[in-house]
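Written below as structure tokens is the structure these notes are about.
The values are calculated or read from the model by the stated rules, or taken from the named source; none is laboratory data. Remember, predicted model here, so these are calculated numbers, not experimental data. So basically every Cβ, Gly included, is an ideal-geometry build from the backbone, and we count neighbours across all protein chains shown. We work out accessible area using only protein heavy atoms, side chains counted, and drop any ligands, DNA or RNA first. Shrake-Rupley method; radii C 1.70, N 1.55, O 1.52, S 1.80 Å.
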Amino acid sequence: MNTDFHLGPATQTSAGPLTGVSLLITRPVMPASRTAQRLAALGAVPLIFPTTIIEPPADVKPLQTALAQLDGYYAAIFVSPSAAEMTLAPLGSTPRTLPATLRVFAPGPGTAEELTLRGVTDVEIPETSFDSEGLLALPALQADAVKGKHIVIFRGNDGRELLREALVKRGATVDAITAYHRRAPNTPPTGLLELLRAGTVNAISAMSSDAITHLVPLIPAIERDTLIFTLPVYASHERIAATARAAGFRNVIETEAGDAGLITALLERANPA
């Protein structure tokens, strides 16, 4: 896969309230394309450079086994949009149908959207915060609901253990399945550097901590302060915002989750009260 600079397939920009915003979208390719369409419709110029590359897991047998046994699970938790994509319809394949009795959980609206696009209905999302902590606050995942039940978590490599460990403590049997492997780009970011040096990019969207930790090393250390650290970064969670600040970004805006949160924050910045 070519991991150098990409313009999204649907970047025909209309005049709108975000005219003048040239936003670097760092999400994986498929969700990035939908973000780009929504931003372009509002007048922004979306510039897609996936700083996280999504690939099938090195060992697909645990995933295949879990999928073959879905009828035996009380619940399936998809921890990210990529988990939904790579579990149910990897690389654009026909989506898998889930058992009607399976309860399906997602940590936020972005992942829920990916599931809905693949035919999954009645996705349950947190009511407090869009993360593992929010999921663990749901009544359907409390000890009296999960004790003795079998739960599967579909996630990427090196996922957080909080969700699995908490559910085990509540009495559930939990299978944490690696549905995808994520890595940094391994080709030179020539196009990205050209745009940054030309001043074309005037904002960055980060919807994962990996987006930040993978982006920074792509920029020569001597140029980071002038090319990226002064740009506003729209971070969709407090952990991502903290990662961005620790990396050296000086203008970090924490948004609500997903495209809706990003667009709301951009509109507020473009049209201050």
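Of the residues Glu161, Glu254, the single one that is closer than 29 Å to Val79 by Cβ, open to solvent by 60 Å² or more (accessible area, probe 1.4 Å) and touching a helix residue (DSSP H, G or I) at 6+ places or on another chain (Cβ under 9 Å) is Glu254.
Inside the range 233-251, residues that are open to solvent by 30 Å² or more (accessible area, probe 1.4 Å), in contact (Cβ under 8 Å) with a residue 24 or more places away in the chain and over 14 Å from the mean Cα position of the chain (by Cα) make up a count of 2.
Being touching a Pro at 6+ places or on another chain (Cβ under 8 Å) and farther than 22 Å from Pro139 by Cα is the filter; apply it to the range 86-121 and report the residue that is surrounded by the fewest Cβ atoms within 10 Å (Cβ to Cβ).
Initial filter on the range 86-121 (touching a Pro at 6+ places or on another chain (Cβ under 8 Å)): 86, 88-91, 107-108, 110-111, 113-114, 118-119.
Then keep just the ones that are farther than 22 Å from Pro139 by Cα; that gives 86, 88-91, 114, 118-119.
Details: Met86: 26, Leu88: 24, Ala89: 17, Pro90: 19, Leu91: 10, Glu114: 25, Arg118: 17, Gly119: 13.
Step by step, filter the range 86-121, then rank; the result is Leu91.
When Gly119, Gly159 are checked against the criterion of being modelled with pLDDT under 95 and either among the basic types (Lys, Arg) or over 25 Å from Glu254 (Cα atoms) (or both), a single residue qualifies: Gly119. What do you reckon, is Val60 over 22 Å from Leu167 (Cβ atoms), among the hydrophobic types (A, V, I, L, M, F, W, C) and over 16 Å from the mean Cα position of the chain (by Cα)? Answer is yes for this residue. For the range 68-83, a tally of residues being farther than 20 Å from Leu167 by Cα and surrounded by 18 or more Cβ atoms within 10 Å (Cβ to Cβ) returns 2.
Listed by position, the helices (runs of 4 or more DSSP H) inside the range 27-113 whose residues that are closer than 26 Å to Ser129 by Cα number at least 1 are 29-41, 81-88.
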